[in-house]
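*Asks:* A single structure is presented below for examination.
The values are calculated or read from the model by the stated rules, or taken from the named source; none is laboratory data. Not measured: the values here are computed from a predicted model. Counting neighbours? That spans all protein chains shown, and the Cβs are built from the backbone with ideal geometry, glycine included. What goes into the accessible areas is simple: the full protein's heavy atoms, side chains included, and nothing from ligands, DNA or RNA. Shrake-Rupley method; radii C 1.70, N 1.55, O 1.52, S 1.80 Å.
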Amino acid sequence: MLVAQGLTKAFGGPPVVDGVSFTLARGTITGLIGPNGAGKTTLFNLIAASLAPDSGTLTLAGDRIEGLRPDQVFARGLARTFQIPRPFPAMTVLENVMLAPTGQRGERFWTNWLSPGAVAAEERRNRERAMHWLDFVGLSKLAAQPASVLSGGQRKLLELARVLVAEPRLILLDEPGAGVSPPLLEIIMGKIAELNARGITFLIIEHNMDLVMTLCRPVMVLAQGRLLLEGSPEEVKNDPRVVEAYLG
């Protein structure tokens, strides 16, 4: 699904991501762990095109994507969530999800005058799809509420629904368990597993080792900008290099 070769990024000093190479197999849930400051979020930003790599290549399902804009990468089926969800607080939960589909006719103002029927029909379809995914994540009862009323865990579920409506092939999740209550965390983990069973590939940054050990096969360990190890959860947990990276 995704191949990274020699990804490197620096910000005027030593590289934050230093020659990282890996392959994500289609249909897997891969965990990305490492101590704070290891470069995990920077690596995510490179993959999602929020940052351009200084060197290296990225290939998504056979197509080179480094150098594209974030919206172009999103349109090719690679979506991401953020550690701190950022919904539009004054818009309803439903409206937040309806924003996500790409290439909507109503985004071009003249089509609202020339083809109002087609715009309205597309909006009805988008509303149905948005409600489907809100129901999937358990937020359909809050569809008409402003997003500002949602808890932190519910906002993470809203972000998940928002990317799902765009039908991605690969989803990058940035700490989906951070700041989430145990009951909501169980829900999020169950939804990830269910979506993966439907064929969606995941790459997950996470500090919650229970989530990583339960869901992720394989696990990659990043330390000081370099890929330290890739293996099964059991191999990673028992590797002395990982203990050293975390505990020093």
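*Asks:* Before anything else, pin down the relative contact order of the chain: Cα pairs under 8 Å, at least 6 apart, normalised by residue count, whole percent.
*Replies:* Working: 446 pairs, mean separation 69.3, N = 248.
Rounded, it is 28 percent for the chain.
*Asks:* Hey, another quick one. Which percent, to the nearest 5, of DSSP beta bridges fully inside the chain are antiparallel?
*Replies:* DSSP beta bridges in the chain are roughly 55 percent antiparallel.
*Asks:* With a cap of 10 neighbouring Cβ atoms within 10 Å, and only residues DSSP puts in a loop, list the chymotrypsin sites (Phe, Trp or Tyr not before Pro) found in segment 1-69.
*Replies:* Listed in order of number, the matching sites are PHE11.
*Asks:* If you don't mind, another one. What are the ³J(HN,Hα) couplings of segment 239-245, residue after residue, when phi is run through the Karplus curve with 6.51, -1.76, 1.60 and θ = phi - 60°? Round to Hz, x for glycine and proline.
*Replies:* 7, x, 5, 5, 4, 5, 5
*Asks:* Divide by every residue of the chain the summed helix terms, -39500 (n - 2.57) for each DSSP H run of at least 4, and state the resulting mean residue ellipticity at 222 nm, rounded to the nearest 500 deg cm²/dmol. Numbers along the way, then the final one.
*Replies:* Working: 10 runs with 95 residues, N = 248.
-11000 deg cm²/dmol, from helical runs alone.
*Asks:* Could you please report the charge total around ASN208, scoring K, R as +1 and D, E as -1 over all other residues with beta-carbon less than 15 angstrom from its beta-carbon?
*Replies:* Details: positive: LYS40, LYS156, LYS237; negative: ASP174, GLU175, GLU186, GLU206, ASP210.
Result for the local shell: -2.
*Asks:* Tally the DSSP beta bridges in segment 140-235 and give the antiparallel ones as a percent, rounded to 5.
*Replies:* Among the beta bridges of segment 140-235, antiparallel pairing accounts for roughly 50 percent.
*Asks:* For segment 176-189, just list the computed ³J(HN,Hα) in residue order, Karplus coefficients 6.51, -1.76 and 1.60, θ = phi - 60°, integers in Hz, with x standing in for Gly and Pro.
*Replies:* x, x, 5, x, 9, 5, x, x, 5, 4, 4, 5, 4, 4
*Asks:* What shape does segment 29-106 have by the C-alpha gyration tensor, where a ≥ b ≥ c are the square roots of the eigenvalues, rounded means a/c under 1.5, and otherwise prolate means a/b greater than b/c and oblate the rest?
*Replies:* Oblate.
*Asks:* Follow-up. Taking Cα atoms, how many degrees apart are the long axis of helix 152-164 and the longest axis of the chain, rounded to 10 and kept between 0 and 90?
*Replies:* The two axes meet at around 70 degrees.
*Asks:* Counting only protein heavy atoms, what percent of the accessible surface of the chain is carbon or sulfur at a 1.4 Å probe?
*Replies:* 54
*Asks:* Sticking with this structure for a sec: Taking a cut-off of 14 Å, what percent of all Cα-Cα pairs in segment 151-234 are separated by more than that?
*Replies:* Values: 2285 of 3486 pairs.
Percent of Cα pairs beyond 14 Å in segment 151-234: 66.
*Asks:* Right, here's the next one. Hey, in the GNM for the chain with a 10 angstrom Cα cutoff, which one of ALA143, ALA120, ALA223 fluctuates hardest?
*Replies:* With Cα springs under 10 Å in the chain, the top fluctuation among ALA143, ALA120, ALA223 is at ALA120.
*Asks:* Now, a different point. Whole Å is fine, so just give me how far the alpha carbon centre of segment 1-23 lies from that of segment 178-248.
*Replies:* Centre-to-centre distance over Cα atoms comes out at 20 Å.
*Asks:* Accessible area per residue of the chain at 1.4 Å probe, in Å²?
*Replies:* 48
*Asks:* Still on this structure: Among residues other than ALA61 whose Cβ falls under 12 Å from its Cβ, what is the net charge (Lys/Arg +1, Asp/Glu -1)? Let's see the in-between values first.
*Replies:* Numbers: positive: ARG26, ARG64, ARG76, ARG169; negative: ASP63.
Net of charged neighbours comes to +3.
*Asks:* Enumerate the lysines that LYS141 could reach by cross-link, defined here as Cα to Cα under 18 Å, with residues fewer than 8 away along the same chain left out.
*Replies:* LYS141 reaches LYS156, LYS191.
*Asks:* In the Gaussian network model of the chain, springs joining C-alpha atoms below 10 Å, which of SER232, SER21, SER115 carries the largest mean-square fluctuation?
*Replies:* Checking each option, the largest mean-square fluctuation is seen for SER115.
*Asks:* Return the lysines within reach of LYS9: Cα separation strictly under 17 angstrom, same-chain partners fewer than 8 residues apart disregarded; answer none if there are no such residues.
*Replies:* Counting by Cα, and skipping residues close in sequence, LYS9 has these lysines nearby: LYS40.
*Asks:* Continuing with this model, one more query. Which of ARG169, ARG125, ARG80 moves most in a GNM of the chain, Cα contacts under 10 Å?
*Replies:* Fluctuation is largest for ARG125.
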